[in-house]
1. In region 102-130, what residues are among the charged types (D, E, K, R), modelled with pLDDT of 95 or more and part of a helix (DSSP H, G or I)?
2. Looking only at region 390-431, count every residue that is in contact (Cβ under 8 Å) with a residue 40 or more places away in the chain and either of a type outside the set (Ser, Thr, Tyr) or not assigned by TED's automatic domain parsing to the domain that holds THR243 (or both) and tell me the total.
3. Quick test for you: out of ASP32, ASP21, ASP71, pick the one residue that is more than 16 Å from the ligand (Cβ to nearest atom), under 15 Å from CYS229 (Cβ atoms), not in a strand (DSSP E or B) and not assigned by TED's automatic domain parsing to the domain that holds ARG169.
4. Hey, any hits in region 294-304 for a residue that's free of Cβ contacts under 8 Å to residues at least 60 places away in the same chain, surrounded by fewer than 17 Cβ atoms within 10 Å (Cβ to Cβ), assigned by TED's automatic domain parsing to the domain that holds VAL370 and within 21 Å of THR381 (Cα to Cα)?
5. Grab the helices (runs of 4 or more DSSP H) fully contained in region 310-421, keeping just those with 2 or more residues being farther than 30 Å from ALA201 by Cβ and within 16 Å of the ligand (Cβ to nearest atom).
6. Examine region 227-242 for a residue that is at pLDDT 95 or above and over 22 Å from VAL315 (Cβ atoms), and state whether such a residue exists.
7. All but one of (1) surrounded by 22 or more Cβ atoms within 10 Å (Cβ to Cβ); (2) more than 16 Å from the chain's Cα centre (by Cα) hold for GLN401; state the number of the condition that does not hold.
8. Determine which single condition THR342 fails, assuming it passes every other condition in (1) of a type outside the set (Asp, Glu); (2) under 21 Å from GLY45 (Cβ atoms); (3) surrounded by 19 or more Cβ atoms within 10 Å (Cβ to Cβ); (4) outside the structural domain of ALA121 (by TED's automatic domain parsing).
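The values are calculated or read from the model by the stated rules, or taken from the named source; none is laboratory data. Owing to the predicted nature of the structure, the values given are computational and were not obtained by experimental measurement. For neighbour counting, all protein chains shown are included, and Cβ atoms are generated from backbone atoms with ideal geometry for every residue, glycine included.
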Amino acid sequence: MATLKEVLAAKIPAERQRAKDFVKEHGAKVIDQVNVEQVYGGMRGISCLLCDTSSVPADKGLIVRGKPIADVANLLPEEIFWLLLTGELPDAAGLASLQADLAKRSAVPDYVWAVIDAMPADTHPMTLYNTAMLALQNTSVFHKRYNQGLRKDDYWDPTFEDCLDIIARAPVISAGIYRKRFNKGARIATAATGQASQDWAANYVRLLGISDTNGEFTKLMRLYMVLHCDHENGNVSAMATYTVNSALSDMYYSYTAGMNGLAGPLHGLANQEGLNWILEATTKFGGAPTHDQMRAHAAETLNAGKVIPGYGHGVLRVTDPRFECFYEFGKKHCPNDPVFKTVITVFETVPDVLMNIKKIKNPWPNVDAVSGSLLYHYGLTESIFYTVLFGVSRALGVCAQNVWARALGMPLVRPKSVTSEWLDAAVNAKA
Ligand code: AMX
C-alpha cells in the first residue's frame with residue numbers, strides 16, 4: 001500500500017519535467033488577450049492561471065480532475081482530496097491510512113482555544129475560524145524548514161505536511177467554535193490517536209454535536225464537504241490563497257488569506273445570505289411563499305439595489321451542478337420541509353426575474369441557493385456559521401492546488417497593473 005504522500009511524490013518529477021518542457025517549447029505562444037473591459041471588470045475571463053485540480057467550464061460547472069462533480073459526489077471528502085492531489089482515487093488501504101493520518105494530526109493546542117475565548121462573544125464565526133487557523137501558524141512545518149534552509153525542489157513536502165495538519169484540524173477548530181459561539185456546551189473531544197474509526201466528515205458531525213439518529217445529516221455533511229472542495233483557481237478564495245502562497249508564506253498565512261475572501265457576501269458568505277433571504281420571505285408571508293409572493297420578494301430586493309444571493313456566477317452560465325446535487329438530496333430526504341420547498345419556489349421563479357435584467361449574465365442558481373436550507377432542516381440553523389463549513393471543505397482544494405504550485409516551482413504571482421493614463425494612451429495608439 002502506498003500512502004498519499006508516496007503516490008504524490010512519485011508523480012511530481014514527471015509533471016515538473018512536463019511543465020518545464022512545455023514552457024520551453026511553447027512559452028511565447030499567445031493563448032488569450034486582454035481588453036479594457038476586463039481591466040475594469042475584475043479580470044473576468046482572462047485565461048492566465050494554471051490549475052489542474054479542477055476546472056469550471058461555463059456550460060458544465062465543476063469538474064474535478066476530469067470527473068464531473070455529480071459523478072463523484074457520493075465519494076468521501078478524503079477520497080476527493082486524494083483525487084485532487086493525484087488525479088486518482090485511493091484503494092481501501094490508502095484511504096484508511098489517510099484517515100488515520102488525519103486523526104493523528106487533529107490535536108489543537110490549548111492556546112488556540114484561549115485566543116478564541118478572549119474574543120468578543122458576538123464575533124462572526126469566520127473571524128473566529130480564521131484567527132484560530134492563523135494562530136496555528138507557529139506550528140508550520142514549512143516555516144520551520146524554510147528557516148533551516150530548504151531547497152526549492154523540496155518546498156512541496158512541508159507544504160503537504162502543513163496542508164494535512166490544516167485539513168485535520170479544520171473540523172476540530174470549527175466545531176469548537178460552533179459549540180462556543182452558539183452556547184452548545186463544552187467542546188467534544190477528538191478521537192484518541194489510533195482510534196480513527198470514523199471518516200473525516202462523520203467525525204466532524206460528532207464534534208459539532210448535532211444529533212443524527214438516522215445518519216442523514218452525516219450523509220449531507222459528506223456531500224457538503226465534497227461539493228465545496230474546489231472551484232478552479234480564479235475564484236477569490238483560491239486565488240488569494242495561491243497569491244499569498246507564491247510569496248512562500250506558509251499555508252496558514254495562505255489559507256487564512258483565502259478564507260478572508262471567502263467571508264465576503266459575493267463569495268462564500270452567500271450561503272448565509274441565501275438562507276436568510278429565504279427565511280425573510282417565509283416570515284414576511286407567514287409561511288412558504290407562493291410564486292407571486294416570491295416574485296414580489298425578488299423585485300423588492302432588486303429595487304433596494306441588493307443582489308439575490310445564491311443566483312448568478314462569475315463563470316457559470318448554467319445551473320450549478322453543485323446546486324443540482326443538493327437539490328436532488330433535498331427532494332429525496334426532505335421534500336416537504338417548508339424552507340426547502342421555498343428553495344424550490346425560488347428556483348421556479350427567480351431565474352425568469354433575473355433573465356429580464358439585461359446586465360445579469362447568469363440568472364441560474366449557484367451552490368449557495370440551496371445548501372443552507374438542508375443544513376437548516378437537520379438542525380444546523382445558525383446561518384452565520386455556514387461559510388465556515390464552506391471554508392473547511394475548501395481547504396481540500398486550496399491545499400491540493402498549492403502543494404502542486406510548490407511542486408512545480410511556480411514563481412511569485414506578480415501581474416502588471418496599469419494607470420488610467422496608460423490605458424488611455426494604449427487605446428489611442430490602437431485607434
Ligand atoms: N442579483 C442581482 N444582481 C445580480 C446578480 C444577482 N444574483 N448577479 C449578478 N447581478 C448583477 C451584478 O451585481 C452586476 O451589476 P452591476 O454591473 O450593477 O455591478 C451585473 O449583474 C453583472 O454581473 P454579472 O457579470 O452577471 O456577474 P459578476 O461576474 O459580476 O458577479 C456574482 C458574479 C456571483 C458576484 C453575482 O452573480 C452575485 O452577486 N450573485 C449573488 C451573490 C452570490 O450568489 N454569490 C455566490 C457566488 C458563488 C460563490 O462564490 N460561492
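1. Correct list: ASP110, ASP117.
2. Just the residues of region 390-431 that are in contact (Cβ under 8 Å) with a residue 40 or more places away in the chain, to begin with: 390-413, 415, 418, 423, 427.
Okay, now just the ones that are also either of a type outside the set (Ser, Thr, Tyr) or not assigned by TED's automatic domain parsing to the domain that holds THR243 (or both), so 390-392, 394-413, 415, 418, 423, 427.
Of the residues in that region, 27 qualify.
3. Values: ASP32 fails: under 15 Å from CYS229 (Cβ atoms); ASP21 fails: under 15 Å from CYS229 (Cβ atoms).
The unique qualifying residue is ASP71.
4. no
5. Of the helices (runs of 4 or more DSSP H) lying wholly inside region 310-421, those with at least 2 residues that are farther than 30 Å from ALA201 by Cβ and within 16 Å of the ligand (Cβ to nearest atom) span 338-355.
6. Scanning region 227-242, I find no residue that is at pLDDT 95 or above and over 22 Å from VAL315 (Cβ atoms), so the answer is no.
7. (2)
8. All conditions pass for THR342, except number (2).
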